[in-house]
Amino acid sequence: MKPDIEIYDTTLRDGSQGEGINFSVADKIRIAEKLDAFGVHYIEGGWPGSNPKDIEFFQLAKRKSFRNSKLAAFGSTRRKNLPVNLDDQVLLLLAAQTAVITIYGKTWMLHVKEVLNTTADENLAMIQDTVRFLKDHEKVVVYDAEHAFDGYKDNPEYAMASWQAAEKGGADLVVLCDTNGGTLPRDVTRIVEAAKVKLRCAVGIHTHDDSGLGVANALAAVDAGARHVQGTINGYGERTGNCNLTTVLPNLELKMNLRCLPEGSLKKLRELSDFVAAIANLRHDPRQPWVGSAAFAHKGGTHVNAVQKVIHSYEHVNPETVGNTRRILISDLAGRSNIVMKARELGYAIDNDTPELKTILNRVKDLEHQGYEFEAAEGSMALLIRKALRHENAPFKVDAYHVSLRRDGQNSACEATVKVRVGEKRAHTVADGDGPVNALDTALRSALIKFFPLLEKVQLTDYKVRIIDTGTGTAAKTRVLLQTTDTEEEWSTVGVSENIVEASLQALVDSMEYALLKGA
Ligand SMILES: [Zn+2]
């Protein structure tokens with residue numbers, strides 16, 4: 001089925017120019033395969049003329065078969081005063097052996113004169129010749145008109161002539177680019193409309209987010225008749241980034257009712273967004289619209305109360321439409337409803353009249369006042385609710401511990417001893433470690449494994465420390481957040497104290513308790 005809007009992903013080219021992003025060739029292949037499975041129409045793989053890594057990417061990519069997407073190689077128009085068939089950079093585009101080639105050229109006279117140092121006519125010839133040459137090699141040719149909006153504002157006749165040069169060369173698509181990202185939606189609308197009047201080929205849009213308008217400008221262009229949208233996953237890209245496809249896609253499909261993706265793909269949006277962030281080795285932005293972990297998180301007590309009654313009262317769409325989930329945050333703003341919804345999410349049958357509810361609520365408020373944070377510690381939260389509801393005791397108790405540190409010349413050593421009690425039985429272990437927390441973890445674990453062999457496969461995956469009241473200097477309170485896994489599930493726990501070792505022990509004890517109780 002023909003889509004209403006074509007989606008052109010440039011995460012691997014424009015996106016890889018973002019600060020802190022460095023994709024290996026293998027990373028690029030993995031992302032391309034994921035984008036293909038997701039169902040974008042075009043994947044821009046890179047610029048073969050700019051670096052050997054991109055040449056290698058296209059060599060590997062041509063052995064893969066893509067089901068939904070066409071691969072595009074990116075480059076520029078020929079150099080000035082040189083026949084196109086002698087231009088190495090253009091020949092490298094053909095060597096990439098992709099079905100689609102995208103070239104960019106100049107719209108703005110300022111760039112023609114000051115950057116290219118050439119004449120108005122030669123620039124038009126460079127555009128038309130290059131497009132024609134690539135069409136003669138039976139490529140689908142996308143023409144990216146750089147600085148289209150700034151150029152049009154400066155000199156509308158010349159800007160239009162440059163786009164028409166691409167059309168005369170046989171371009172399949174002229175894409176107007178807001179390269180500097182400073183254009184307003186109303187100007188995008190006006191200029192795209194003008195292009196639609198004069199051009200017979202399809203018009204596309206490529207925007208940047210320098211004014212926070214990357215997505216808004218793409219939507220304005222679509223309203224004005226553009227039928228092709230370029231962008232990157234998570235908005236990665238130079239400076240503040242490109243038009244964010246993970247934002248623009250649900251707006252096009254769910255709000256403007258324009259079909260862009262194969263049936264069912266929009267539900268994989270959150271997963272795709274997480275995947276690309278993980279490969280880029282960047283933290284996934286929790287506040288990202290639609291796909292962020294906070295996008296459907298409810299915290300304020302009155303909001304949660306309303307959501308409990310009517311699910312869409314504080315949600316613009318159902319989170320499942322983009323593969324996201326609703327989260328109820330527990331915090332000192334928490335009302336009864338947050339606790340009830342959280343407890344239900346964790347599998348406990350509870351309602352607003354459950355007598356233990358008040359105990360749980362008071363305990364949460366008291367602990368948060370001390371500096372605990374349950375939003376990121378669902379394991380500790382689950383234990384707290386469980387203990388209150390079932391009136392049960394902990395499976396083990398740490399009676400005492402001791403940690404010693406010493407340094408002798410260059411060598412430092414840590415040793416921890418732990419005394420635990422399980423029912424009537426006691427155990428006492430000693431362990432060395434790379435630091436006090438590591439030593440304590442090892443000692444606690446070896447004491448407990450004798451009683452609970454299943455702890456063998458439980459291991460820490462992340463350890464975060466934050467100082468919470470910095471005003472008191474080294475006596476400040478410390479919050480420790482631990483992430484633990486048993487390979488089937490991952491959970492997080494929290495501890496707070498003026499003493500970092502004590503805070504760590506609390507979080508460790510919670511993480512072990514959670515491991516022991518979660519199946520029970
Ligand atoms: Zn760009």
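The values are calculated or read from the model by the stated rules, or taken from the named source; none is laboratory data. Not measured: the values here are computed from a predicted model. Positions of Cβ are backbone-derived with ideal geometry, glycine not excepted, and every protein chain shown enters the neighbour counts. These area figures cover heavy atoms from the full protein model, side chains too; ligands, DNA and RNA do not enter into them. Shrake-Rupley method; radii C 1.70, N 1.55, O 1.52, S 1.80 Å.
For the range 372-505, the square roots of the Cα gyration tensor eigenvalues, ordered a ≥ b ≥ c, give a/c of at least 1.5 with a/b no greater than b/c, which places it in the oblate category.
The reciprocal of the average 1/r between distinct C-alpha atoms defines the Kirkwood hydrodynamic radius, which for the range 121-165 equals 11.2 Å.
Ranking GLU193, GLU375 from most to least accessible surface, computed with a 1.4 Å probe over the protein chains only, gives GLU193, GLU375.
What's the FRET efficiency of ARG67 with LEU91 using the Cβ-Cβ distance as r and R₀ = 25 Å, to the nearest 0.05? Kindly include the intermediate steps, with their values, before the conclusion.
Details: r = 29 Å, r/R0 = 1.17.
Working from the Cβ atoms, E equals 0.30.
Multiply the residue gap between GLU345 and GLU456 by 0.36 nm, knock off their C-alpha separation, and tell me the result in nm, one decimal place. Let's see the in-between values first.
Details: separation 111, 0.36 × 111 = 39.96 nm, distance 2.78 nm.
Extra length from GLU345 to GLU456 when fully extended: 37.2 nm.
With contributions of -39500 (n - 2.57) from each DSSP H run of at least four residues, the per-residue ellipticity at 222 nm computed over the chain stands at -11500 deg cm²/dmol. In a DSSP loop and with at most 16 other Cβ atoms within 10 Å, the chymotrypsin sites (Phe, Trp or Tyr not before Pro) in the range 416-501 are PHE451.
Where in the range 273-312 are there trypsin sites (Lys or Arg not before Pro) that are in a DSSP coil and have at most 14 other Cβ atoms within 10 angstrom of their Cβ?
Working: sites: ARG283, ARG287, LYS299, LYS309; in loops: ARG283, ARG287, LYS299.
Qualifying residues, ordered by number: ARG283, ARG287.
With the whole protein complex present, LEU329 retains an accessible surface near 20 Å², based on a 1.4 Å probe.
Calculate the all-directions average of the projected area of the range 255-324's alpha-carbon convex hull, and give it in nm². Please report the intermediate quantities before stating the final value.
Values: hull surface 22.7 nm².
So the Cα hull casts an average projection of 5.7 nm².
Computed on protein heavy atoms with a 1.4 Å probe, the accessible areas place LEU176, LEU361, LEU282 in the order LEU282, LEU361, LEU176, largest first.
Computed extension gain for THR487 through ALA376, at 0.36 nm per residue and net of the alpha carbon distance, reaches 38.0 nm. Close Lys pairs in the range 355-476 (alpha-carbon distance under 27 Å; sequence gap of 8 or more, or different chains): 21. Quick note on the range 236-378: its Rg to Rh ratio, both from C-alpha atoms and Rh being the Kirkwood radius, is 1.04. In the context of the full set of protein chains, residues of the chain present 46 Å² of accessible surface per residue (probe radius 1.4 Å, heavy atoms only).
For the range 1-110, the set of GluC sites (Glu not before Pro) satisfying both a DSSP loop assignment and a count of at most 13 other C-beta atoms within 10 Å is given as GLU19. Shown for the range 369-435: the carbon plus sulfur share of the solvent-accessible area, taken with all protein chains present and a 1.4 angstrom probe, equals 42%.
Only one residue of GLY18, ALA295, ILE31 has its Cα farthest out toward the positive end of the dipole of the chain, where Lys and Arg carry +1 and Asp and Glu -1 on Cβ, and that residue is ALA295.
Exposure check, 1.4 Å probe, all protein chains in place: THR359 carries approximately 80 Å² of accessible surface.
Answer rounded, prolate or oblate for the range 216-267, using the Cα gyration tensor with square roots of eigenvalues a ≥ b ≥ c: rounded when a/c is under 1.5, else prolate when a/b is larger than b/c, else oblate. If you can, show how the numbers build up before the last one.
Working: a/c = 2.26, a/b = 1.26, b/c = 1.79.
It is oblate, given that a/c is not under 1.5 and a/b is not larger than b/c.
In the chain, taking the dipole from charged Cβ atoms about the Cα centre, the farthest positive-side position among THR232, THR107, VAL430 is held by VAL430.
Just to verify a number: what accessible area does PHE452 come out at with the full protein assembly present, 1.4 Å probe, Å² rounded to tens? The accessible area comes out at roughly 40 Å².
Across the chain, how large is the tail of the calculated P(r) beyond 28 Å, expressed as a percent of all Cα pairs?
Values: 85611 of 134940 pairs.
Of all Cα-Cα pairs in the chain, 63 percent lie more than 28 Å apart.
How much of the accessible area of the range 195-274, probe 1.4 Å, is carbon plus sulfur, in whole percent?
Details: 1350 of 2910 Å².
Carbon and sulfur atoms account for 46 percent of the accessible area of the range 195-274.
Would you kindly give the portion of the calculated P(r) for the range 68-220 that falls above 27 Å, as a percent of all Cα pairs? Every Cα pair in the range 68-220 considered, those over 27 Å come to 19 percent.
Roughly how far apart, in whole Å, are the Cα centres of the range 147-203 and the range 219-281? If you average the Cα positions of each part, the centres end up 22 Å apart.
Relative to the longest principal axis of the Cα atoms of the chain, the long axis of helix 500-517 lies at roughly 90 degrees. If you wrap the range 325-402 in the convex hull of its Cα atoms and look at it from every side, the mean projected area works out to 6.3 nm². Rounded to the nearest 20 debye, the dipole size of the range 384-457 about its Cα centre is 420 debye, using +1 on the Cβ of Lys and Arg and -1 on the Cβ of Asp and Glu.
Which FRET efficiency value, to the nearest 0.05, is calculated for VAL310 and LEU184 with the Förster distance at 35 angstrom and r the Cβ-Cβ distance?
Working from the Cβ atoms, E equals 0.40.
Full extension of the segment from ARG239 to ARG30, taken as 0.36 nm per residue of separation minus the current Cα-Cα distance, would add 72.8 nm.
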